[in-house]
1. When B:G99 is evaluated against the numbered criteria (1) of a type in the set (G, A, S); (2) under 30 Å from B:P233 (Cβ atoms); (3) within 22 Å of the chain's Cα centre (by Cα), which criterion, by number, is the only one it fails?
2. Filter segment A:49-104 down to the residues that are open to solvent by 20 Å² or more (accessible area, probe 1.4 Å), within 7 Å of chain B (Cβ to nearest Cβ) and in contact with a Pro (Cβ under 9 Å, 6 or more places away or on another chain) and list them by number.
3. So, of the residues in segment A:222-254 that are aromatic (F, W, Y) and open to solvent by less than 20 Å² (accessible area, probe 1.4 Å), which turns out to be farthest from the chain's Cα centre (by Cα)?
4. Do you know which of the residues in segment B:276-294 that are hydrophobic (A, V, I, L, M, F, W, C) and open to solvent by 10 Å² or more (accessible area, probe 1.4 Å) is farthest from B:S29 (Cα to Cα)?
5. Please determine, by comparing only the residues of segment B:376-403 that are within 12 Å of chain A (Cβ to nearest Cβ) and closer than 27 Å to B:L122 by Cα, which one is modelled with the lowest pLDDT.
6. Just checking, which of A:W257, A:W281 is within 14 Å of chain B (Cβ to nearest Cβ), in a helix (DSSP H, G or I) and at pLDDT 95 or above?
7. Which of the residues spanning segment B:22-41 are under 17 Å from B:E296 (Cα atoms) and free of Cβ contacts under 8 Å to residues at least 12 places away in the same chain?
8. Checking the conditions here, which among A:V165, A:V276 is open to solvent by 10 Å² or more (accessible area, probe 1.4 Å), in contact with an Asp or Glu (Cβ under 7 Å, 6 or more places away or on another chain), at pLDDT below 95 and aliphatic (A, V, I, L, M)?
Amino acid sequence: MITVAYSDPLVPPEWIRAHGLRPRRLRAASVARSPSASLTGLCPYAGAFADRSAAPDLDAVIFTTACDQMRRVFEIAREAPRPAFLLNVPSTWQTRAVHAHYRSEIERLGRFLESLGGSSPTGEALAAEMLRYDERRRRLRDLAGRLSPRAFARVIARHHETGEVGGEDPGPTAGPGAVPLALVGGPLLLDDLFLFDLVEERGARVVLDGTDTGLRTLPAPYDRRLLGRDPFGQLLASWFGVIPTVHQRPNALLYRWLAERFAETPVKGILLRRYVWCDLWHVEEERLREWTGLPVLALDEGAEGRARERMVQRLEAFLEMLA
Amino acid sequence: MSPRPRRIRLEDWTRRYAELRAAGLSEPSYGGPLERHVLDGDLRLPKLLYDDSPAALRLWNFLLTEEDRLQAARAEGKKLVGAMKDLGTVPVMAWSLPGVVAFYPDGAWWIPCVMELSAGLLAVADRLGVDESFCPVRAMLGAFLTEAHYPIPDLLTCNAGAVCDDFSAIAQRLAGLGHPVLWWESPHRRRPDPGEEAVELPGGFTAPRGHVALVREELARIREALGRLAGLPLTDERLAEGIRAANRVRRVLRELRDLAYTADPCPLPALEMLIAEMLALHFCSDREEALAVLGELLGEVRGRVAEGTGVLDPGAARIFWVNPVADLSAMNLLEDCGGRVCGTDYLFSHALDEIPGDLEPLEALARMAVADPMTGSAADRAERICRDAARFGAEAVLVSRIPGASHCATEGRIIGDAVDRSLGLPVLEIEVPPLIDSVRAGISGRMEALVETVRRRRRA
């Protein structure tokens, strides 16, 4: 089956699946071993994604405009023989015009998928895929409080890769008096899972994963009553202008989501996962500090040598301070 | 024949100004000796080289008194519109209404240079968490917080979507500090797919009809907001007249660029040309005066070309310059190294093209906005750079990286490859910080090498 890779949470995998192709939301394993990631001024995650997307196990790649660096990396990726597609995702969501534009972009993505050998889905086929994904996402949400933070992060990572959910050992429960932390920011690397362990070893626990690869970026559940009538309209309604992202202007949905989560699950500190040259998340660091009044530690990482060691040292010092 | 025009220092301007006054120089209300701006804190001025014409004097005085004009407009009860991340669209609309003045808050990115960091704007941005990993436009945050460089506008608009992340992030920070922003969307411009309805844009590119339609709807929201602000509807008639006025500015600028970038010897320094080009974006807070300033500059250049005189020796290496510089002295430096600017892409080439006058006004403005090089690919930008560089007879291309800017990590290579492939010209990429003093020797050495490469190619 043809595999179509993407990174941005605003690409609906069920749309790819409904065309008879295999969606695969990629995560870079690391930014340290990626040649493009070391380009001066380039977000190392964008560079690492571009490098990863060139691997032979992928047949096509979807980039989006939600991040300017990804938009520009697309130009480099396009030079490779592998088909690449740039999905325009508007930053604003408040007007009918941008909703219509997103709709036209998803339709254009459909034509791209057909050009790869996919087939245009019937309404029934699309609705069936949407229901399948909706059910998996419901199970994901149910698992959120029942698995250890690391185990849950692994479940999400596997879901992104395969679409499946489950099969994870629950992992250790929180120790008594563990300091509750939120982890927010850009996408986690596959190599980042050790962070959860490190946090727990130091007497804290990540009780909220608000990164781009966490629950925050799941679409809204579909309205099943309307699914049979207009599945495509339902797809758009659950994906665009609903998922809180940092690139939205204004990014009020992101802060509303955080406010709701913090009200449900109070935290004593925030870890902000961001990459060097990622302006969109970088600018939120101080704002988060002002808005929450909580200590915020930026887990910033570039592609240069020893960046990870420095990040770990800073995290250890932060946790020591909180303890 | 008039004395040969020269580039002179600020202290030379003091003497020159006295001579001109004695000879009966007539100046506008904002005129006066240039050195007075140093007393206002513009500490960089003594380190720059200036064209010695009265037209250049007027240009500089016009530029350096913008804050006074904005304060006066506010005092007169006019409404101020800050058009952010918008190189030439909303200002055309705002200036179509009586009693409305548009300006360009992003222009604060030159304040750290002009005031040699004494204004502390970058320090304010640092405190807000916007450090040097961002483009120097972060100085704008400081300008808003200190309110020392322009009044807080009555309406703040910002282009969003396919723009640089630096500005998008900084504008979001500003909004988060309590400054309401009216965001308007620009999609990433792409070539129309086969069978997709296409629209021709000013500047020669095409875009999908849907993209233009989206921007047109976005501009309709801006039109409503401007009308509410002014208390008058922004009718098609008013917009059409605003477009005609903007096109008058663009036509003057086009002739100025054609002459200044092609005549040999070079009739006007690169620094004055940079400022002249900037006037087309927002008219420096006075549209009619901007036209008059450019008109006088054009008259000066016409005269020099007719007399065969210029500010540089004949035969200077002809360099096409890509991207605006945060430190104005970089433009002087190229000329000191034996080069001259012949053609530019300061990231607003769409604002130099005439707005189509034969279309419904909002449609014409939308097409111009979609042509913004920032919204398109670097490959598109490179294509236009190659076209313009060939038209102006460039012998090399200099890509000036903007520190921290999200588009600069990858575009230099794409532009360089395109220039090499289609024109076979040498390309130099440099990075220009807000003050180049600490890296001047390095930049100068690289510019000299580029100029030498051009000379060697001439000899070959």
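1. Exception for B:G99: condition (3).
2. A:S104
3. A:Y222
4. Within segment B:276-294, the match that is farthest from B:S29 (Cα to Cα) is B:M278.
5. Looking only at segment B:376-403, we keep the residues that are within 12 Å of chain A (Cβ to nearest Cβ), and these are B:376-382, B:401-403.
Next, from what is left, pick out any that are closer than 27 Å to B:L122 by Cα: B:401-403.
Working: B:R401: 95, B:I402: 93, B:P403: 90.
The residue in question is B:P403.
6. Exactly one of A:W257, A:W281 is within 14 Å of chain B (Cβ to nearest Cβ), in a helix (DSSP H, G or I) and at pLDDT 95 or above, namely A:W281.
7. Listed by number, the residues that qualify are B:G24, B:S26, B:S29.
8. Details: A:V165 fails: in contact with an Asp or Glu (Cβ under 7 Å, 6 or more places away or on another chain).
None of the other options fit; the residue is A:V276.
The values are calculated or read from the model by the stated rules, or taken from the named source; none is laboratory data. Because the structure is a prediction, the values reported are computed rather than measured. Ideal geometry is used to build each Cβ from the backbone, glycine not excepted, and the neighbour counts take in all protein chains shown. Quick note on the areas: whole protein, heavy atoms, side chains included, nothing else; ligands and nucleic acids left out. Shrake-Rupley method; radii C 1.70, N 1.55, O 1.52, S 1.80 Å.
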